[in-house]
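What follows is calculated from the coordinates using simple rules that are stated; it is not laboratory data. Just so it is clear, the model here is predicted, and its values are computed rather than measured. Backbone-built Cβ (ideal geometry, glycine too); neighbour counts: all protein chains shown.
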């Protein structure tokens, strides 16, 4: 049963294993530095469907199927799944996953959905309620642009602080096994809103939420940034990453040596026109599942802190002049089963 350290932080006493995982990405993502790490990439932005939204559902469907295949599992072996995406009513997930007939918890954390789903799946597995529990998310550049900004045919000029929503998906299956990678702890974030209103500068809006959850995790566990090989944020991009490091330095915490941002890792900003970097639920989800988990499993990385970040905005709220509330959740993933907890 998970042990509660604080209002936010839980230690897994029966640390679950991320027993299988998969990542699938689109054409532009395949051309970036992470391209070779994905299980599959797809040249067709429609994924064989008639609309971008149906294409995103197909993307998520394929990703879960791939995670099941890699784990030697069938849909009936999965007790529950947590899934969400960026589209209204999370239709990328609901339409994509309906044929699996797995009990579903639909969740929405915007681009923080991968860490939210992984934390919830791990807590449920640790409690003994479920055996195999899946967490899945996705995003699609074209469907997100149509919903949150402008139709692609509009041809609007993107600002330098804007980020490119990734066409990608990640899926994990959490199980009560005894093999790396283990989920050792998690910290539930809170909504943080410092008044940023520019929907084309989400990195600035999300950085304070990431700073809060990282500082809270470190304080609650008495761990230091040096205890981690990587402290990973979801999709702060160039602007948000710089702000995050500065915000934490103001709190006496320096993560500059450990910090990795999936939005900066996904693309080659010098040769791909993505401005401040990548974003979207599938950005952190696919890089976690395609790149980081293999390295933790092999022991190349011993400890990572995964903190996907989400801007909880909507077009309606933005048009009404609302600021952008944001959230981030932290998940401690380790090659080691035993939590080396520093005592105060």
Put in order of increasing Cβ neighbours within 10 Å, starting from the fewest, 140, 335 give 335, 140
Over all pairs of distinct alpha carbons, what does the Kirkwood formula give as the hydrodynamic radius of the chain, in Å? 19.4 Å
What list do you get for 184, 7, 249, 269 if you sort them by fewest beta carbons within 10 Å? 7, 249, 269, 184
What base-10 log of the normalised intensity I(q)/I(0) is obtained for the stretch 182-334 from the Debye formula, alpha carbons as equal point scatterers, at q = 0.13 Å⁻¹? -0.55
Among beta bridges assigned by DSSP with both residues in the stretch 182-334, the antiparallel ones amount in percent, to the nearest 5, to 65 percent
Order 41-47, 55-61 from most to least packed using the mean count of other Cβ atoms within 10 Å. 55-61, 41-47
Roughly what % of DSSP beta bridges within the stretch 3-175 run antiparallel, to the nearest 5? 60 percent
Proxy reagent accessibility, fewest Cβ within 10 Å first, across 223, 206: 223, 206
Give me the compactness ratio for the stretch 3-175, meaning the Cα radius of gyration over 2.2 N^0.38 Å. 1.07
Rank 126, 270, 235 by mean-square fluctuation in a GNM of the chain with C-alpha springs under 10 angstrom and give only the top-ranked residue. 270
